[in-house]
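The structure under discussion appears below in the form of structure tokens.
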Amino acid sequence: MAGVAGRLARLWCSGALSSPLQVTRFPALQLHLCGPAMRASQKDFENATNQVKLLKKDPGNEVKLKLYALYKQATEGPCNVPKPGVLDFINKAKWDAWNALGSLPKETARHNYVDLVSSLSASSESSIQVTPAADRKQPGSDALVVTSQDGITTITLNRPDKKNALTTQMYHDIMLALEAASKDDSAITVLTGNGDYYCSGNDLTNFTDIPPGGVEEKARSGAVLLRDFVDRFIDFPKPLVAVVNGPAVGISVTILGLFDIVYATDRATFHTPFSHLGQSPEGCSSYTFPKIMGPSKATEMLVFGKKLTAREACTQGLVTEVFPDSTFQKEVWVRLKAYSKLPPNAMRISKQVIRNTEKEKLHAINAEESNILRERWLSDECMNAVVSFLSKKAKL
Ligand SMILES: CCCCC/C=C/CC(=O)SCCNC(=O)CCNC(=O)[C@H](O)C(C)(C)COP(=O)(O)OP(=O)(O)OC[C@H]1O[C@@H](n2cnc3c(N)ncnc32)[C@H](O)[C@@H]1OP(=O)(O)O
């Protein structure tokens, strides 16, 4: 906590807060850092110190540390008191945050304090419970719905009439949603589907949208998109949970190996029919599946296209737990709400400890799988399979 607050505060002093999230979340502050200095009066400052006591929402420890540091800097100037001992966690975190402000002038600190309180007051006036996070970029269509509630950001695939097949736009939107979720206040991020399917994988009509550069260009851009998409899952910093509400196909199955928890209804099935489609595994499954379930079970799925029931997938370690369909939603959300109340920083750090050693390897595997698929997409085997599906001659 102290480290995060310290780093934030140092960035703050250096004027280097530049990500879109920070820009939108603290617009007034950003204006102050980047534009001409406007000064807050002593009266504004006193009003802000009163206003802060009236906030309806707890702004969280990181923000409280920032407020503390700015208040001390504004009233006492640079930190010159002795550093508390390492075991005095709270006072040490406060000291770190204050000390990180360095020689920031008192009146700048006063101004930043007023701006911060005013941005907090504005956001705490909202009484809406279920909202897309205020600073989240909205997806480009309603095929993806993103909500935040109870410390959980939920990304819902919302094309039930097409079994939640992933269009090119949806890949982009999911990447945007993950990026926003990685920076928002939620503790946990969930991916789920609306309707009877979780996801039927890549929308096969994506293959019909051929650019002027022809099929080679299509395959090249598809491989770049696939690689970027899977990279977001590899790098996602918070606990990532799949709530598999029904059958899952193709890429929606393979990326499950990059999730931290997979909860499934007993109605779900897991199907990766790559050979049938003239394609090859993606989503790092060529590495994660053999690791999770052993090479021969992975081969049955990824090479022979064996469809697993939810219970089989659970026995093989791909699914964490299976729930009866009748109680699935209720049981899963009760559980996730309880998890979301755990200290978010501790969860994030524990995830890093579990996952970070493999990240480099996963990125390399993702690059390799995407390259191989680029060639597969140009093969007769793949083109014939897509044409068969599109002409309604073949279904899985
Ligand atoms: C950036 C690019 C990255 C690429 C990454 C690569 C990923 C690889 C994969 O994901 S491979 C998996 C591809 N998916 C499939 O092959 C599934 C194809 N769909 C089916 O076989 C069936 O639709 C089904 C088994 C999923 C469901 O069958 P059911 O009979 O229950 O339902 P319908 O077939 O009537 O489906 C309803 C409508 O939905 C359309 N649809 C379903 N899935 C897809 C899909 N993947 N792509 C495109 N369209 C899909 C289906 O055509 C129906 O549409 P209609 O009502 O207009 O007829």
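The values are calculated or read from the model by the stated rules, or taken from the named source; none is laboratory data. In this text the structure is predicted, and so the values were computed from the model without any measurement. Please note: Cβ atoms are built from the backbone with ideal geometry, for glycine as well, and neighbour counts cover all protein chains shown.
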Segment 281-291 - residue that is on the phi < 0 side of the Ramachandran plot and away from the ligand (no atom under 12 Å from the Cβ) and, of those, nearest to the chain's Cα centre (by Cα): 288
Only one of 388, 326 that is farther than 25 Å from residue 235 by Cβ, within 16 Å of the ligand (Cβ to nearest atom) and among the polar types (S, T, N, Q): 388
Out of 379, 326, 370, sole residue that is more than 30 Å from residue 62 (Cβ to Cβ) and in contact with a Leu (Cβ under 6 Å, 6 or more places away or on another chain): 370
Unmet requirement for residue 198, which otherwise passes all of (1) surrounded by 20 or more Cβ atoms within 10 Å (Cβ to Cβ); (2) of a type in the set (Ser, Thr, Tyr); (3) within 10 Å of the ligand (Cβ to nearest atom): (3)
Candidate set: segment 149-175, residues that are within 16 Å of the ligand (Cβ to nearest atom) and acidic (Asp, Glu); chosen: the one surrounded by the most Cβ atoms within 10 Å (Cβ to Cβ): 173
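Residue by residue, here is whether (1) modelled with pLDDT of 90 or more; (2) surrounded by 17 or more Cβ atoms within 10 Å (Cβ to Cβ); (3) over 33 Å from the mean Cα position of the chain (by Cα) holds:
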position	(1), (2), (3)
80	yes, no, yes
90	no, no, no
103	yes, no, yes
113	no, yes, no
127	no, no, no
Index of the failed condition, residue 214 passing every other in (1) among the small types (Gly, Ala, Ser); (2) crowded, with 18+ Cβ neighbours inside 10 Å; (3) away from the ligand (no atom under 15 Å from the Cβ): (2)
Filter result for residue 227 (away from the ligand (no atom under 11 Å from the Cβ) and either without any contact (Cβ under 8 Å) to a residue 12 or more places away in the chain or under 20 Å from the mean Cα position of the chain (by Cα) (or both)): no
Any chance residue 250 is more than 21 Å from the chain's Cα centre (by Cα), under 26 Å from residue 325 (Cβ atoms), of a type in the set (Gly, Ala, Ser) and at pLDDT 95 or above: no
Those residues of segment 192-230 which are over 27 Å from residue 364 (Cβ atoms) and in a helix (DSSP H, G or I), in sequence order: 204, 205, 208, 214
Contacts under 6 angstrom Cβ, first residue in segment 363-388 being free of Cβ contacts under 8 Å to residues at least 60 places away in the same chain, partner within 10 Å of the ligand (Cβ to nearest atom), 6 or more apart: 388/394
Residues being of a type in the set (S, T, N, Q) and at pLDDT below 95 - total across segment 184-212: 3
Subset of segment 259-280 (residues that are over 12 Å from residue 316 (Cα atoms), more than 9 Å from the ligand (Cβ to nearest atom) and not hydroxyl-bearing (Ser, Thr, Tyr)): 259, 260, 261, 262, 264, 266, 267, 268, 278
Any hit, segment 239-251, residues being out of contact with any strand residue (DSSP E or B) (no Cβ under 8 Å at 6 or more places or on another chain), over 19 Å from residue 194 (Cα atoms), more than 12 Å from the ligand (Cβ to nearest atom) and not small (Gly, Ala, Ser): no
Number of the condition not met by residue 308 [criteria: (1) closer than 26 Å to residue 265 by Cα; (2) in contact (Cβ under 8 Å) with a residue 12 or more places away in the chain; (3) of a type in the set (A, V, I, L, M); (4) away from the ligand (no atom under 16 Å from the Cβ)]: (4)
Lone unmet requirement of (1) modelled with pLDDT under 80; (2) buried (at least 16 other Cβ atoms within 10 Å of the Cβ) for residue 31: (2)
Residues located in segment 321-333, provided they are of a type in the set (Asp, Glu) and either in a helix (DSSP H, G or I) or surrounded by 14 or more Cβ atoms within 10 Å (Cβ to Cβ) (or both): 325, 331
